[in-house]
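Novice: Quick one: this structure, given as structure tokens, is what I'll be asking you about.
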Amino acid sequence: MTATAAETPSPTTGADPKPHRNPTRWLVLGVICLAQLTVLLDNTVLTVAIPSLTEEMGASTADIQWMINAYSLVQAGLLLTAGSAADRYGRKKLLAAGLALFGLGSLAASVSGTTGQLIAARAGMGIGGALLMTTTLAVVVQVFDDEERPKAIGLWGAVSALGFAGGPIVGGALLNHFWWGSIFLINLPVAVLGLLAVLKWVPESKNPSGDRPDLLGALLSTIGMTGVVFAIISGPAHGWTSARVLTSAFVGLVTLAAFALWERRCPYPMLDMHFFRNSRFVGAVSGGILVAFGMGGSFFLLGQHLQLVLHYDPLETGLRMTPLALVIVVLNFTGVGARLLPKIGTPAAIAGGMGLLAAGLAAIATLGADGYGGMLLGLILMGVGIAINMPAMANAIMSAIPPEKAGVGAGVNGTLQETGNGLGVAVLGAVLNSRFAALIPAVATGAGSLPEALGHARTAADRAAVEDAFASGLQASQLVGACAVLAGGILAAFLLRRAEKQAA
């Protein structure tokens with residue numbers, strides 16, 4: 001089914017152009033990466049501004065949480081809908097709209113006078129971010145042919161790593177010289193340049209079949225994903241058994257189940273459920289969510305490890321996490337992963353990359369407890385693993401979906417990342433808290449965090465015992481993350497190898 005849909009050319013005006021060696025394709029990729037970098041920087045840049053917002057705006061802890069979460073919550077809820085809309089109405093149009101919305105949201109955030117205004121502006125930026133996250137990858141798939149696509153996706157992925165590492169550094173540098181609004185205002189020139197470049201160079205492409213919009217599917221997927229992600233975000237703060245979390249999770253899961261049933265019966269589905277009969281698609285999806293699980297949770301733990309155990313400040317923490325991103329950027333920009341993929345095959349690339357990622361997480365857990373040297377080794381191993389795995393995984397997902405559904409495929413890829421990251425933070429955070437609570441000395445029993453437990457410590461021995469308990473909890477949770485990533489690599493490689501044998 002997938003092969004037939006992908007290979008059938010369409011004479012329809014405005015249809016997906018057959019991938020070819022467009023002379024401006026690398027320029028188009030540069031424009032795409034610029035738009036992608038803007039979104040990804042904003043995912044992390046706000047974290048360093050929390051003290052400034054607390055002091056200058058009088059933001060409470062709940063306000064800060066909503067400032068951070070409003071963006072990711074809206075973005076996660078709209079990814080599938082945004083991808084489907086891009087396929088139907090045109091990926092270039094939606095990419096331009098995403099840049100415009102993101103720029104306007106950034107301007108509104110930079111001049112916000114109250115916490116409520118800033119939260120609303122961040123939600124608006126999340127709408128633009130959802131459009132950009134789906135259309136950028138979809139355009140890459142349309143512009144590049146099968147031979148060059150892994151390299152292009154690798155470069156696209158390298159920008160993700162650059163955004164992850166650059167956010168805290170850029171934010172810290174701006175806050176040292178300007179007010180907190182500058183971290184949003186810096187998005188404006190990038191958004192304007194990106195918008196002009198998209199309008200001039202990016203070719204238009206959309207689904208040639210002109211399916212009717214699946215409005216009910218869009219509504220159900222948005223409510224379902226928002227409910228699930230809201231439960232994941234709220235769990236650590238409100239308790240996993242609280243009415244808020246359980247109600248949100250129940251509504252989200254029931255709505256997603258209704259979405260799946262509707263998509264099976266709908267004559268023009270937003271997400272064709274037959275994709276899940278494709279072993280290649282299922283393998284890529286399974287591996288993708290477990291990679292995101294391990295990476296999202298481990299990065300969350302890594303920040304705590306550097307700040308609370310090794311006692312670095314936020315800017316020093318960002319700088320010490322930079323080697324991970326630099327390895328990914330260097331290997332992807334030199335095309336190592338893309339050249340390796342056709343030689344060893346997708347299953348081996350995914351298994352090897354996730355194996356190295358798991359080894360890096362294990363090295364951080366076992367060798368990084370006492371200093372940065374052992375952690376540096378783990379970060380390098382993780383970087384090599386991600387550089388090999390990322391283009392192979394994204395290419396496997398996008399190759400399993402017909403080109404006319406590239407926006408939906410990008411939406412699935414983004415949804416996997418958001419869901420996996422949230423689950424990783426939730427589950428590995430729960431492992432950390434459970435282990436920490438079991439090992440802290442009696443004087444700090446009942447404390448829910450390291451600072452609270454240290455506040456109960458009466459002697460130097462008590463403080464040392466509390467810190468050892470926290471370090472042990474970090475180690476246990478990082479090892480759980482490593483096991484999840486390794487299991488994901490084995491599962492994905494097995495399913496993808498089986499799909500290749502069936503195709504042969």
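Novice: Has the stretch 255-264 got at least one residue that is of a type in the set (K, R), farther than 30 Å from A465 by Cα and in contact with a helix residue (DSSP H, G or I) (Cβ under 8 Å, 6 or more places away or on another chain)?
Specialist: Yes - at least one qualifying residue is present in the stretch 255-264.
Novice: Same structure again: Considering only residues that are open to solvent by 10 Å² or more (accessible area, probe 1.4 Å) and either in contact with an Asp or Glu (Cβ under 7 Å, 6 or more places away or on another chain) or modelled with pLDDT of 85 or more (or both), which ones fall in the stretch 368-412?
Specialist: Residues satisfying the conditions are L376, L377, I380, L381, V384, P403, E404, K405.
Novice: For the subset of the stretch 68-121 comprising residues that are touching a helix residue (DSSP H, G or I) at 6+ places or on another chain (Cβ under 9 Å), in a helix (DSSP H, G or I) and of a type in the set (S, T, Y), which member is nearest to L53 (Cα to Cα)?
Specialist: Ranking the qualifying residues of the stretch 68-121, first place goes to T115.
Novice: So which residues in the stretch 458-479 are open to solvent by less than 40 Å² (accessible area, probe 1.4 Å) and either within 27 Å of F293 (Cβ to Cβ) or touching a helix residue (DSSP H, G or I) at 6+ places or on another chain (Cβ under 7 Å) (or both)?
Specialist: D462, V466, A469, F470, A471, S472, G473, L474, A476, S477, Q478
Novice: Restricting the first residue to the stretch 400-418 and requiring it to be within 12 Å of L271 (Cβ to Cβ), which pairs with a second residue that is open to solvent by 10 Å² or more (accessible area, probe 1.4 Å) and among the acidic types (D, E) meet a Cβ separation below 9 Å and a spacing of at least six or different chains?
Specialist: I401/D272; K405/D272; V408/D272
Novice: Let me ask another. Within the stretch 293-316, track down each residue that is open to solvent by 50 Å² or more (accessible area, probe 1.4 Å) and in a loop (DSSP other than H, G, I, E, B).
Specialist: Matches in the stretch 293-316: H311, Y312, D313.
Novice: Run down L256, L246, L261 and say which single residue is surrounded by 13 or more Cβ atoms within 10 Å (Cβ to Cβ) and under 26 Å from D87 (Cα atoms).
Specialist: Residue meeting the stated conditions: L256.
For every residue, the table says whether it meets (1) at pLDDT 50 or above; (2) farther than 30 Å from L199 by Cα; (3) touching a helix residue (DSSP H, G or I) at 6+ places or on another chain (Cβ under 6 Å); (4) surrounded by 17 or more Cβ atoms within 10 Å (Cβ to Cβ).
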position	(1), (2), (3), (4)
M1	no, yes, no, no
A6	no, no, yes, no
T12	no, no, no, no
L29	yes, no, yes, yes
L37	yes, no, yes, yes
T54	yes, yes, no, no
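So that you can scan it fast, the table gives a plain yes or no per residue for (1) in contact with a His (Cβ under 7 Å, 6 or more places away or on another chain); (2) of a type outside the set (K, R); (3) more than 28 Å from S221 (Cα to Cα); (4) open to solvent by less than 10 Å² (accessible area, probe 1.4 Å):
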{"position": "A123", "(1), (2), (3), (4)": "no, yes, no, no"}
{"position": "G128", "(1), (2), (3), (4)": "no, yes, no, yes"}
{"position": "A138", "(1), (2), (3), (4)": "no, yes, no, yes"}
{"position": "E148", "(1), (2), (3), (4)": "no, yes, yes, no"}
{"position": "L155", "(1), (2), (3), (4)": "no, yes, yes, no"}
{"position": "F184", "(1), (2), (3), (4)": "no, yes, yes, yes"}
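Novice: Now for a different question. Please state which of the following conditions L174 fails to meet, knowing it meets all the rest: (1) over 16 Å from the mean Cα position of the chain (by Cα); (2) touching a residue at least 40 places away in the same chain (Cβ under 8 Å).
Specialist: Just one mismatch for L174, condition (2).
Novice: Also: Which residues, counting only those in the stretch 484-495, are more than 20 Å from the chain's Cα centre (by Cα) and either at positive phi or open to solvent by 60 Å² or more (accessible area, probe 1.4 Å) (or both)?
Specialist: The answer is I490, L491, F494.
Novice: Does W180 count as under 30 Å from I388 (Cα atoms), open to solvent by 10 Å² or more (accessible area, probe 1.4 Å) and touching a residue at least 40 places away in the same chain (Cβ under 8 Å)?
Specialist: no
Novice: Given the structure, is H274 open to solvent by less than 40 Å² (accessible area, probe 1.4 Å) and assigned to a helix (DSSP H, G or I)?
Specialist: no
Novice: Also, I was wondering about something else. Report, by residue number, each residue of the stretch 131-150 that is under 16 Å from R91 (Cβ atoms) and of a type in the set (D, E).
Specialist: none
Novice: Next up: Got a sec? Which of L377, L381, L319, L361 is under 28 Å from G473 (Cα atoms), in a helix (DSSP H, G or I), over 16 Å from the mean Cα position of the chain (by Cα) and without any contact (Cβ under 8 Å) to a residue 24 or more places away in the chain?
Specialist: After ruling out the rest, the residue left standing is L377.
Novice: Could I ask something else about it? Looking at R458, R498, which one is touching a residue at least 12 places away in the same chain (Cβ under 8 Å), on the phi < 0 side of the Ramachandran plot and part of a helix (DSSP H, G or I)?
Specialist: Being touching a residue at least 12 places away in the same chain (Cβ under 8 Å), on the phi < 0 side of the Ramachandran plot and part of a helix (DSSP H, G or I) holds for just one of R458, R498, which is R498.
Novice: Taking the stated definitions as given, is N332 within 29 Å of A173 (Cα to Cα) and of a type in the set (S, T, N, Q)?
Specialist: So N332 passes the test.
The values are calculated or read from the model by the stated rules, or taken from the named source; none is laboratory data. Owing to the predicted nature of the structure, the values given are computational and were not obtained by experimental measurement. Methodologically, a virtual Cβ is constructed for each residue, glycine included, from the backbone with ideal geometry; neighbour enumeration extends over all protein chains shown. Ligands, DNA and RNA are excluded from the accessible area calculation, which covers all protein heavy atoms including side chains. Shrake-Rupley method; radii C 1.70, N 1.55, O 1.52, S 1.80 Å.
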